[in-house]
Structures are given as structure tokens and as C-alpha cells.
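Each reported figure results from applying straightforward, stated rules to the coordinates on display, with no laboratory input. It should be emphasised that the depicted structure is a prediction, and the values quoted were computed from it without experimental measurement. Reconstructed Cβ throughout: ideal geometry from the backbone, glycine too, with neighbour counts over all protein chains shown.
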Amino acid sequence: ATEPAHVLVTGAAGQIGYALVPMIARGVMFGPDQPVILHMLDIPPAAEALNGVKMELVDAAFPLLKGVVATTDVVEACTGVNYAVMVGGFPRKEGMERKDVMTKNVSIYKSQASALEKHAAANCKVLVVANPANTNALILKEFAPSIPEKNITCLTRLDHNRALGQISERLNVQVCDVKNAIIWGNHSSTQYPDVNHATVCGKPVRELVADDEWLNGEFIKTVQQRGAAIIKARKLSSALSAASSACDHIRDWVLGTPEGTWVSMGVYSDGSYNVPAGLIYSFPVTCANGDWKIVQGLSIDEFSRKKLDLTAEELSEEKTLAYSCLS
Ligand code: NAX
């Protein structure tokens, strides 16, 4: 029998957590043959709600779920985990300065990094979802030096999937036939959704859409602003789509991307495409044998170059701000 995978979800009592843990328990993240043990972490004010989620997991009688740890103790939560999905964080509240939110999150990610560093299983893979996702991942990397940097990533797969969804709606084709969109950069409104290499059943999206004005304008804006549009409609931020995309991210990372297909992941930049090294930046990647690799050699036109640089600049500024918040 396959040993269960220990999967940490932080912020598990929150909205994304509530959508995510049943997906993991049902095999959406690791496939139908991989048993799991869930480690759920939240903070003391959410302890009772967290216990309620645990009760529901028991009630759902998931065959693959071999155990549930629900705790507010970061060491207990991190001990022995093979995967860590970091959803917990401090949200930006109205009237709060960016620096104040950053200070809160830097301190959360610094301490959770240390706990993972000391207590996670060797070769633990980390996905940061909580915003500012790229910079939280960078702080985590900084304070968990024994976790290989290739194991620390952030979620831009939701943005990637949103881009596929917009193209499928526009062309009235199945979303599974749309592939190889790219999200470059930050998981923020400066991200660059790029369809210059995207295809539908092998045909270039640019030719099929045949409307550069829409592709270079409204399409980009719609993907960049989709999170805000969901909040406006739902009065709550994206949760089921974020949870589903987090499963996609880890599943493809662990089980591999299909031949000829790439996905977007926030990963530690090695300077590819002249993106400054040392940022967590979203690139097109393929995955095999549990490792991602940045897709090389894609042509970048002048329009795209500016957008890649703009989002890199924002990330460099966030990095500087984050470091200035370290006490
Ligand atoms: P919620 O506020 O519903 O849940 C967050 C949970 O984290 C709460 O239960 C809270 O108690 C917990 N928490 C706070 N500090 C913690 C700590 N130190 N340790 C453990 N848990 C802690 O937010 P939700 O809608 O679930 O969103 C979670 C995060 O995902 C937010 O930061 C959000 O901005 C981010 N998102 C990222 C996306 C992405 O694509 N990367 C998209 C969706 C989402 O907006």
C-alpha cells in the first residue's frame, strides 16, 4: 500500500481552506490512488471553526483520508509534512497601509518558514497562496534555507486558468482545448497574461481570435482584474477557483505536465528572460519527475517585454519593502 502523503493547509478555517481540504481528501490534488493525512493550521480565534471543518471531514467519510490534524500550533502542524499549501495570512483591511500588511505577513511567513525548516519532511514542496503570494514565498525561502529553492513556489495557476477560460468563452471552444497561455510576474494586477504562444487544438489563439485590440487590451485587463470582479459579484473573494487551481498546481508539479503543454507557476527566478534573479516570478514551466523547468526560447515582442519588466519592477519593490519590514 502507498504511504499517505502528509499535506499541510494553513488558514484551513478560511474560505479557500473550506473549498480546498475536501478536494485534497477526494484525490483531486494527488490522484485517486494516493492516501492523504491532512494537517490543518489556523490561529486561535478560528480554532472552533477549524474543529468544525475537521468534524465535516470525518462526516464525509473520504476513503483516501487517513487522518486529520487540526491545530493552532505551528510546530505540530508542520511536523512531517511532505507538502505545504500556505493559504493563511493577514488580509489587507480598509485604510491599512501596504507596509503594515506587509509587516504582518512577513512576520507570519518568517515564523512558519522556520517551523517548516525544522519540522517538515525532507524534500517538502511548498505552495504559497496567501497574498502577497510571490513575496510571501520569497520570505519563506529566505527563512527556510534548508528547503531547496526549487521546492518553494507561489500560485499563479488561477490567473493562468482564468486566461484559458476567457479564451474559451471568446472562441466558444472547450477550455481543455486551449493551452499554453502564460502568466508572467506577480500575482497582482501588474501580471501579464500572454497568449502569443497559446493554441486551440494546435492553432494559434492570435489567429483564431483575429482581434489584437481585444487581446492586447480587454483580455489582459479582464484577467488582471478578475479577482476584483469576483469580489464585486460574490462580496467574497475567489475561493473554489483558487482551491481548484491550487490542486492543479501541485498535481502537475508532482505528476508532470502533459507532453507539449506548459503551465504557469511562481518560481525562483534564475534570470531567464532577463527577469532579475532572486525574485519569485511567474514563468511558463513544464514539470517532470517532481521538478519544474522554465520553458526556454519563447520569443518576447516589444509589447510583452515592457509588461514583463513592469511586473518585475513591482516585485523588486515588494521585495525591498518586505526586507525593510524584517525586524
Ligand atoms: P480567509 O480570510 O477566508 O481565510 C484566511 C484564513 O487564514 C483565516 O481562517 C485566518 O484565521 C487564517 N490565518 C490568519 N493568519 C494565520 C496564521 N498566522 N497562521 C495560520 N492561519 C492564519 O481568506 P481566503 O479567502 O481563504 O484567502 C486566503 C488567502 O489567499 C488570502 O491571502 C488571499 O488574498 C489569497 N488569495 C490568493 C490567490 C492566488 O491566486 N494566489 C487567489 C485567491 C485569494 O485571493
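General remarks:
- Each other residue within a Cβ distance under 11 Å of residue 214 adds +1 if Lys or Arg and -1 if Asp or Glu, for a net charge of -1.
- When the listed pairs 179/221; 141/235; 179/235; 179/306; 141/293 are checked against a 25 Å cut-off, the alpha-carbon distance exceeds it for 141/235; 179/235.
- The range 113-161 - charge dipole about Cα centre, Lys and Arg +1 at Cβ, Asp and Glu -1, debye rounded to 20: 120
- Extreme residue, positive dipole direction of the chain, given options 275, 9, 295 (C-beta unit charges): 9
- Tilt relative to the chain, helix 98-119 - C-alpha long axis, 0 to 90 degrees, to 10: 60
- About the Cα centre, charge dipole magnitude for the range 1-66 (Lys/Arg +1, Asp/Glu -1 at Cβ), debye: 60
- Karplus-derived 3J(HN,Hα), 6.51/-1.76/1.60, for each residue of the range 235-242, Hz, glycine and proline x: 6, 8, 7, 3, 10, 5, 5, 5
- Helix 15-25 and the longest principal axis of the C-alpha atoms of the chain enclose an angle of approximately 80°.
- Considering only the chain, percent of DSSP beta bridges that pair antiparallel, nearest 5: 45
- Cα-based shape type of the range 25-173, given that a ≥ b ≥ c are square roots of the gyration tensor eigenvalues and the cut on a/c is 1.5: rounded
- For the chain, the dipole from Cβ point charges (+1 on Lys and Arg, -1 on Asp and Glu) about the Cα centre works out to 340 debye, to the nearest 20.
- Taking Lys and Arg as +1 and Asp and Glu as -1, the other residues whose beta-carbon sits under 11 Å from that of residue 288 total -2.
- Angle of helix 302-324 to the longest C-alpha principal axis of the chain, folded into 0 to 90 degrees and rounded to 10: 30°.
- Within the shell of other residues whose beta carbon sits under 11 angstrom from the beta carbon of residue 12, the net charge comes to 0, with Lys and Arg scored +1 and Asp and Glu -1.
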